[in-house]
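Have a look at the structure below before the remarks.
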Amino acid sequence: MWIYLNDRFVDRKEAVVSVFDHGFLYGDGVYETLRAYGRRIFMLAQHLARLQRSAHLIGLELPIPEKDWPPLLNEAIQRNGLDEAYLRITVSRGEGDIGLDPALCRRPTVVILALPFKPYPVHLLQEGVQLAIVPVRRNLAAALSPQIKSLNFLNNILAKREAVKAGAFDGLMLNAEGHLTECTASNVFFVQAGRLCTPSVDCGILDGITREVVILLAREQRIPVEAGRYTPESLRQAEECFLTNTTMEIMPVREVDGKPLGSGRPGPVTLTLRNLFQSNLARFLW
Ligand code: PLP
């Protein structure tokens, strides 16, 4: 396996990061997860723009110029002989002495992983998953903005632990006001009276790139879309619900907190959007 580390591709055994790396010591860094279909990367420009934004928001200058990312990602896919790939870019603050000041680190650490894409089990995509609304709240945006896709993932990990404890596939977090936000690594949508609803960005969520594609496809299909502030009760009364992210695309939800949602099966809006996602996919590949 070839892994890009800092300035070159190395074998997996040589892909080692210092114990003084501030990404390891403090979670100081940012990342992106991307997906390639037949070697073509989904929403590449948007992922790179978000990486740039995350880095900017923590005052980290990406050591690789914008134009160099696409060929590097391609090389990572090709060197590993992949067609369907999971890609992860990690950029940490880099190696430095103990202490929180980013100035202690001379240059960021960059890692690009390209792994074979592992699809989700078909039965989950066909039947839907179970969600739990977890006690862990989403990070307050004014404390650690969910708009920063950061290596500091404990908020989501604690929520995931709660979900697993409740026997659910994933946990849906509320914000400090008790409004729905997102799951640990995906955005949430639900359908109520034929309208597609999703928590607005100002609820304190990551503005998912798949979320953006789904909103676009729904609008093109004249399905009314609304981004707003919603209570857990509005979700419980929904007819349909699904999650979105780069690796799962559109994942139906069949149950919330142990109670079936709508018919308990993927509903017509979910299925329509899933079909549209597949039939329009080529538009979004680079
Ligand atoms: N929300 C969170 C917290 C995430 O970590 C992710 C993806 O990793 C998403 C939403 C979905 O984002 P995207 O569709 O860009 O993959």
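The table that follows gives values for the structure above.
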quantity	calculated
Residues of the stretch 180-213 satisfying the condition of being buried (at least 21 other Cβ atoms within 10 Å of the Cβ), in a helix (DSSP H, G or I) and more than 9 Å from the ligand (Cβ to nearest atom)	C203
Qualifying positions in the stretch 47-62 - surrounded by 19 or more Cβ atoms within 10 Å (Cβ to Cβ) and over 19 Å from the mean Cα position of the chain (by Cα)	L60, L62
Among (1) of a type in the set (A, V, I, L, M, F, W, C); (2) under 22 Å from A49 (Cα atoms); (3) open to solvent by less than 20 Å² (accessible area, probe 1.4 Å), the one test that L82 misses	(2)
Residue in the stretch 156-165 that is in contact (Cβ under 8 Å) with a residue 60 or more places away in the chain and not β-branched (V, I, T) present	no
Per-region count, the stretch 79-128, residues in contact with a strand residue (DSSP E or B) (Cβ under 6 Å, 6 or more places away or on another chain), in a strand (DSSP E or B) and not aromatic (F, W, Y)	17
Answer from S263, S234 - the residue that is more than 16 Å from the ligand (Cβ to nearest atom) and either farther than 17 Å from L172 by Cα or not assigned by TED's automatic domain parsing to the domain that holds D207 (or both)	S263
Residue check, H22 touching a Gly at 6+ places or on another chain (Cβ under 6 Å), open to solvent by less than 20 Å² (accessible area, probe 1.4 Å) and not aromatic (F, W, Y)	yes
Evaluation of Q130 against (1) crowded, with 20+ Cβ neighbours inside 10 Å; (2) under 30 Å from R8 (Cα atoms); (3) more than 16 Å from the ligand (Cβ to nearest atom) (one fails), failing number	(2)
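The values are calculated or read from the model by the stated rules, or taken from the named source; none is laboratory data. Everything quoted here is computed from the prediction, not taken from an experiment. Please note: Cβ atoms are built from the backbone with ideal geometry, for glycine as well, and neighbour counts cover all protein chains shown. Only protein heavy atoms, including side chains, enter the accessible area calculation; ligands, DNA and RNA are left aside. Shrake-Rupley method; radii C 1.70, N 1.55, O 1.52, S 1.80 Å.
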